[in-house]
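Notes follow once the structure below has been shown.
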Amino acid sequence: MNEISLFNAFRAAGQTQVFAFWDSLNTSQREALLLQMAEVDLAEVARLHRTLVLNPGAAGLNLATLLPPVCKRLPEHGGDTVAWAHAESAGESMLRAGRVAAFTVAGGQGTRLGYDGPKGTFAVTPVKRKSLFQVFAEKIAAAGLRYGRPLHWFIMTSHANHEQTEAFFAEHRFFGLDRARVHFFRQGRMPATDFAGKILLETTHSLALSPDGHGGSLRALHRSGALDLLQSEGVDTISYFQVDNPLVRCIDPAFLGFHALSGSEMSSKMVPKANPEEKVGLFCQLDGRLVVVEYSDMPVAMQREINSAGSLRYDASNIAVHLLDREFVRRLSRADAAGGTTLPFHRADKKIATVDAAGNPVKPGQSNGVKFEMFVFDALPFARNPLLLETRRADDFSPLKNAEGADSPQSARDDQLRQAARWLRTAGVDVTTDTSGLPSISIEISPLFATDVASFIKAWRRLPQKPTLVHGLYLE
Ligand code: UTP
């Protein structure tokens, strides 16, 4: 679109405020603003304002039809041990056949952590202070070595952190991975609006644009050409995980096997809720479909409901670990591009940095507008045979969200230490811990040494000389 038609389109949409400072801009500022304007889908912005801001109750959830989901449980919670073993070997066959790729969503803004840099570069491990990216790189490398097929790894970045992320990998020589198998692509952006639906300016010559949510990863996989690359490489299954979970079993054979054996197009892992008030999204069944309901959308009484077995009725927490069938992503993305019904947007009221009428920067003290985001779990209701699998929180989930307290660098380090102590104990080593399982010394196990308790026991037994348990022990 040229300058005139862009101006006309914005004028027709009642968005003239975006060129309020046009006359005072220099040529490069004008060009930058025009490029951003061309990125905006004005009809989408108007629709989102109508449906999510003016009419927010319209798409309300019918709680009367909500049910607990069907879930494959762990053997210790009644799951079928034979089925788990069968799934694990099916998943291993998929890995040996090179059918699996890893996919990290790393486009978030990480505001709560307050760390200056892409979250994946955060030093997260207790002894070596490895970054999250290094931890995942080693897990992915370990799977490649174990099954004899190096995996492709896709990393979704944002406009804000793309260059820094790529530079970090280059600086660390891709952590020993084949760089031809590590792929970065940016996710899409959405403009923020004020409560009247007007697109906000971040500066006199730029719009307030922000990442379109982790649900934007599906569009981005398609647009970036990742799906075509996967197809040409014979990969049909995408293992999706978030950048802020150092414990994640990002390549999990049993999960892969269950997914493939049930003909699922999208599968998810859950952990039982830690307590009734835990602020997590919950897997539920709604009109026969698997969905995730945000805790804020479920009445407290329902969150506390107990079933006949004496457990929480709705206990299936979403830990944002999914498997996606490549062609499922393509189907959704094509429908999306054609304007069909796909992932809905959600609204989040935020303090959005903007400018005042004179063009001076404004940092609002309270919410002054709305950001629009998509959530990847909203793809579940579109999937054929979606599968939900229980996993162990202690071996799969330790989110790094906040600077302090729960879900912080400290809790992530402690969870890794507890895991190391547990694995050592299972291998017969006497480790002193407190009542929460936290060892009195720092120990770190590289994913290249072991990625789960079974591989740890094997690797430990193979050691010709067992190391002494000292503070700062590192097993590689
Ligand atoms: P969060 O929802 O925790 O958001 O993202 P965040 O942006 O990282 O952190 P806050 O809320 O600003 O503190 C969960 C995962 O989804 C990714 C994040 O990078 C993280 O891995 N994500 C989130 C994206 O890739 N893109 C987005 O637009 C949003």
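The values are calculated or read from the model by the stated rules, or taken from the named source; none is laboratory data. Remember, predicted model here, so these are calculated numbers, not experimental data. Here Cβ is always computed from backbone atoms with ideal geometry, including for glycine, and neighbour counts include all displayed protein chains. Just the protein is used for accessible areas: all its heavy atoms, side chains included, with ligands, DNA and RNA removed. Shrake-Rupley method; radii C 1.70, N 1.55, O 1.52, S 1.80 Å.
Counted by Cβ distance under 9 Å from PHE372, the other residues give a net charge of -1, where Lys and Arg count +1 and Asp and Glu count -1. In plain terms, the chain from ALA20 to GLN231 could stretch by 71.3 nm, reckoned as 0.36 nm per residue minus the Cα-Cα distance. The alpha carbons of the chain give a radius of gyration and a Dmax of 23.6, 75 Å, in that order. Computed from backbone phi, the HN-Hα couplings of the range 158-164 come to 10, 4, 6, 10, 4, 4, 4 Hz, rounded to whole numbers (Karplus: 6.51 cos²θ - 1.76 cosθ + 1.60, θ = phi - 60°; Gly and Pro given as x). Most tightly packed first, judged by the mean number of other beta-carbon atoms within 10 Å of their residues, the peptides 273-284, 372-383, 300-311 read 372-383, 273-284, 300-311. Angle between the Cα long axis of helix 132-147 and the longest principal axis of the chain, 0 to 90 degrees, nearest 10? For helix 132-147, the angle is close to 50 degrees. Sites listed here are chymotrypsin sites (Phe, Trp or Tyr not before Pro) in the range 101-164 whose DSSP assignment is loop and whose Cβ has at most 15 other Cβ atoms within 10 Å: TYR115. Put simply, the amide H of MET270, placed in the peptide plane, has neighbours under 5 Å in LEU389, GLU390, THR391, leaving out anything fewer than 5 places away on its chain. Extending 7 Å from Cα along the Cβ direction at SER367 and again at ASP178 yields two label points whose distance is 4.8 nm.
A 1.4 Å probe over all protein chains sorts LYS458, LYS119 by accessible area into LYS458, LYS119, starting with the largest. Per-residue ellipticity at 222 nm, computed for the chain from helices alone with -39500 (n - 2.57) per DSSP H run of at least four residues, works out to -9000 deg cm²/dmol. Applying the Karplus relation 6.51 cos²θ - 1.76 cosθ + 1.60 with θ = phi - 60° to the range 292-302 yields 3J(HN,Hα) values of 10, 10, 5, 4, 6, 9, 10, x, 4, 4, 5 Hz, where x marks Gly and Pro. Rolling a 1.4 Å probe over the protein heavy atoms of the chain, with every protein chain left in place, gives an accessible area that is 51 percent carbon and sulfur. Of LYS128, LYS350, the order by accessible heavy-atom surface (1.4 Å probe, DNA, RNA and ligands excluded), from most exposed downward, is LYS128, LYS350. Between ASP349 and ALA46, the modelled label-to-label distance comes to 2.6 nm, taking each label 7 Å out from Cα in the direction of the beta carbon.
Judged by the mean number of other Cβ atoms found within 10 Å, the most tightly packed of the peptides 78-86, 462-470 leads the ranking 78-86, 462-470.
Normalising the Debye intensity of the range 378-476 to I(0), with uniform scatterers on Cα atoms only, and taking log10 at q = 0.15, 0.22 Å⁻¹ returns -0.68, -1.17. Computed from Cα atoms, the angle from the helix 409-426 axis to the main principal axis of the chain rounds to 20 degrees.
Can you give the FRET efficiency to the nearest 0.05 for THR433 and ILE4, using r as the Cβ-Cβ distance and R₀ = 60 Å? About 0.30, to the nearest 0.05. If R0 equals 45 Å, the separation of the Cβ atoms of LEU448 and ALA309 corresponds to a calculated FRET efficiency of about 0.65. Taking θ as phi - 60° and the Karplus parameters 6.51, -1.76 and 1.60, the scalar couplings of the range 265-277 work out to 8, 8, 10, 9, 9, 10, 10, x, 3, 5, 7, x, 8 Hz in sequence order, x denoting glycine and proline. For the range 413-462, the Kirkwood hydrodynamic radius from C-alpha pairs, put into Stokes-Einstein at 4 °C and a viscosity of 1.567 mPa s, yields a diffusion coefficient of 120 µm² per second.
Annotation: per residue accessible area for the chain equals 46 Å², rounded to a whole number [probe 1.4 Å, protein chains only]. Under a 5 Å amide H cut-off, with hydrogens placed 1.01 Å from N, PHE154 pairs with ALA102, PHE103, THR104, HIS183 among residues at least 5 apart or on other chains.
Rounded to the nearest 0.05, what FRET efficiency is calculated for GLU476 and GLN410 with R0 set to 22 Å and r the Cβ-Cβ distance? Don't skip to the answer; put the middle values down first.
Details: r = 24 Å, r/R0 = 1.09.
That gives a FRET efficiency of 0.40.
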